[in-house]
1. What are the residue pairs meeting all of these: first residue in the stretch 1-12, first residue within 16 Å of Thr40 (Cβ to Cβ) and part of a loop (DSSP other than H, G, I, E, B), second residue open to solvent by less than 100 Å² (accessible area, probe 1.4 Å) and of a type in the set (Gly, Ala, Ser), Cβ atoms under 9 Å, and 6 or more apart or on different chains?
2. Can you tell me which residue is nearest to the chain's Cα centre (by Cα) among those in the stretch 1-27 that are farther than 21 Å from Leu51 by Cα and open to solvent by 90 Å² or more (accessible area, probe 1.4 Å)?
3. For the stretch 20-35, what are the residues that are under 17 Å from Thr45 (Cβ atoms) and of a type outside the set (Gly, Ala, Ser)?
4. State all residues of the stretch 28-53 that are open to solvent by less than 100 Å² (accessible area, probe 1.4 Å), of a type in the set (A, V, I, L, M, F, W, C) and in a loop (DSSP other than H, G, I, E, B); if no residue qualifies, say none.
Amino acid sequence: MVKTWLKTGISITMEGPDHEKGVRRAFSNVAQTVTAEQVTELAKTLEWCLLIM
């Protein structure tokens, strides 16, 4: 049986002193070829955006 790729999604939850319950961001329709490094960079960028707000 061969499975066909349907979709990829990323969900990132950030926690900290200002966000005890966590801040969750979800991204759908992510490219099939996304790498772990790209996901890590996305998380860093989101963290930076929340710090400057």
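The values are calculated or read from the model by the stated rules, or taken from the named source; none is laboratory data. Here the structure is a predicted model, which is why all the values come from computation and not from measurement. Here the Cβ is made from the backbone with ideal geometry for all residues, glycine too, and neighbour counts use every protein chain on show. For the accessible areas, the whole protein counts, side chains as well, though only heavy atoms, and no ligand, DNA or RNA atoms are used. Shrake-Rupley method; radii C 1.70, N 1.55, O 1.52, S 1.80 Å.
1. Thr8/Ser28; Thr8/Ala31
2. By that ranking, first place goes to Lys7.
3. Val23, Arg24, Arg25, Phe27, Val30, Val34, Thr35
4. Once the filter is applied, which keeps residues that are open to solvent by less than 100 Å² (accessible area, probe 1.4 Å), of a type in the set (A, V, I, L, M, F, W, C) and in a loop (DSSP other than H, G, I, E, B), the stretch 28-53 yields Val30, Ala31, Val34.
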